[in-house]
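Chemist: Got a structure here, written out as structure tokens. Questions coming.
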Amino acid sequence: MGHNMDHINKIAPDFVLGLLTQEERRRVNRHIADCEYCRLTVANERNLIEEVRITLDRVSSHDPRRIQGLMPAIPNRSWLAFNFSIFRPVAVAVAIILLAVGGFMINMDKSGLYGIQETPTQSIATLSHTQTPTSTATATSDKHAESGINSQGSFLFIPGSAAPQPQITPESVHIER
Amino acid sequence: MSELTLFPPSGSFHKLENDALLIDRCLNGEESAIVTVYNQYAGSIYRLCYGILQQREDSEEVLQDTFEYAFRRLENYDDSKASFKTWLYQIAISRCRNKRRRKLLKTISISQILGEQIADTGLLTPAEEIELSERQEAIWQALGCLSPKLRETAILRYYEGFSYREIGLILSIPQKTAESRMRLAHVALRKMLQTEETMNRDYKDRAIG
């Protein structure tokens with residue numbers, strides 16, 4: 001028995017599983033041609049693979065008609081192709097446009113360009129925009145309206161208009177001594 | 001028998017041209033082409049699922065899911081990335097994993113409620129109508145004892161004859177990982193079956209003695 005390498009027990013699985021390089025395979029083939037022990041080892045490994053395959057084949061054998069009966073419903077490909085090729089991008093584009101327009105309109109509405117919102121501050125704002133101080137208010141209230149100060153002396157914040165600029169008069173300045 | 005002929009050809013290359021034509025016809029809405037695709041691959045997909053899940057009903061469900069998804073998403077298949085068979089196997093494997101995960105969750109919740117120990121391989125018996133030899137029964141049980149990752153690899157290699165590159169593609173792992181999983185699976189199977197053989201021999205010796 002001429003050995004050109006040690007027994008191949010350890011690499012026998014790799015040999016049968018096709019995990020060796022071409023050169024390694026050649027060496028193993030040369031070795032098993034001479035070594036009966038290794039030839040048997042390799043044959044055992046091959047038997048195992050064959051047995052597993054036969055078992056799997058036997059266990060998973062099935063009635064082809066049963067498998068055929070399990071076929072899912074055939075989708076309407078022409079409709080699907082049309083649907084996916086044209087409808088999807090169009091639907092996405094329309095959705096984006098609607099979202100953009102919707103968002104823009106909401107912003108416009110918030111800034112008071114559309115309609116009158118019935119909130120107390122808005123009413124004041126409307127009053128200041130639509131009615132001139134001279135026609136509806138006294139000279140004192142005119143002065144207050146122009147300065148942004150109400151009759152109680154607190155500031156009015158009028159949305160859509162510039163921030164109120166308090167007027168400093170000698171009466172309004174009180175210096176504690 | 002050389003190691004090259006030991007594994008059956010996976011058939012994923014010589015069918016490429018046919019597959020491309022069939023898929024084109026399917027995409028054009030030809031019903032007969034869809035039926036042909038199903039008939040061509042359903043058997044092997046079912047065997048793969050049954051080997052992995054070891055449950056007939058689950059395998060049938062996964063088979064249906066796989067083809068339903070594949071037919072719906074046929075336009076997503078890219079023949080430059082993988083063969084059609086590989087793509088189908090990818091879908092089937094992912095569905096098998098989902099199925100196993102869902103079943104495992106159910107098992108754990110019920111077992112936790114009842115305070116029972118979880119059985120690993122209690123359901124791993126082939127259908128009643130199939131008679132197996134003692135050795136085949138042992139192999140089937142041993143396959144069931146492998147971890148899911150090793151079992152998937154072993155079935156793809158032993159039974160389907162895929163190359164390690166294809167196994168890597170199907171399981172989304174590097175080729176080297178596929179090789180090492182296969183080595184581990186083979187060694188584990190050999191070990192389990194040797195233990196089984198030794199136990200049987202001891203039992204017979206005692207019975208004779």
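Chemist: I need a count of the residues in the stretch B:136-150 that are within 11 Å of chain A (Cβ to nearest Cβ) and not aliphatic (A, V, I, L, M).
Modeler: 5
Chemist: In addition: For B:Ser12, state whether it is buried (at least 20 other Cβ atoms within 10 Å of the Cβ) and modelled with pLDDT under 85.
Modeler: On the way: buried (at least 20 other Cβ atoms within 10 Å of the Cβ): yes; modelled with pLDDT under 85: yes.
So B:Ser12 passes the test.
Chemist: Also, I was wondering about something else. Just to verify a result, which residue in the stretch A:66-99, among those that are modelled with pLDDT under 85 and of a type in the set (D, E, K, R), is nearest to B:Gln40 (Cα to Cα)?
Modeler: Of everything passing the filter in the stretch A:66-99, A:Arg77 is nearest to B:Gln40 (Cα to Cα).
Chemist: I want to confirm something. Restricting to the stretch B:21-54 and keeping residues that are part of a helix (DSSP H, G or I) and among the charged types (D, E, K, R), which single residue is farthest from the other protein chains (Cβ to nearest Cβ)? Can you show your working first?
Modeler: In the first step, residues of the stretch B:21-54 are kept if they are part of a helix (DSSP H, G or I); the result is B:21-27, B:31-53.
Subset that is among the charged types (D, E, K, R): B:24-25, B:31, B:47.
Details: B:Asp24: 11, B:Arg25: 9, B:Glu31: 6, B:Arg47: 4 Å.
Among those that are part of a helix (DSSP H, G or I) and among the charged types (D, E, K, R), it is B:Asp24.
Chemist: For the structure I just gave you, tell me whether B:Glu57 is facing another protein chain (nearest Cβ under 8 Å), free of Cβ contacts under 8 Å to residues at least 24 places away in the same chain and of a type in the set (D, E, K, R). Working first, answer last.
Modeler: Working: facing another protein chain (nearest Cβ under 8 Å): no; free of Cβ contacts under 8 Å to residues at least 24 places away in the same chain: yes; of a type in the set (D, E, K, R): yes.
When the stated conditions are applied, B:Glu57 does not pass them.
Chemist: So which residues in the stretch A:3-43 are surrounded by 18 or more Cβ atoms within 10 Å (Cβ to Cβ) and polar (S, T, N, Q), if there are any at all?
Modeler: Once the filter is applied, which keeps residues that are surrounded by 18 or more Cβ atoms within 10 Å (Cβ to Cβ) and polar (S, T, N, Q), the stretch A:3-43 yields only A:Thr41.
The values are calculated or read from the model by the stated rules, or taken from the named source; none is laboratory data. Here the structure is a predicted model, which is why all the values come from computation and not from measurement. Virtual Cβ from ideal backbone geometry, glycine too; neighbours counted across all protein chains shown.
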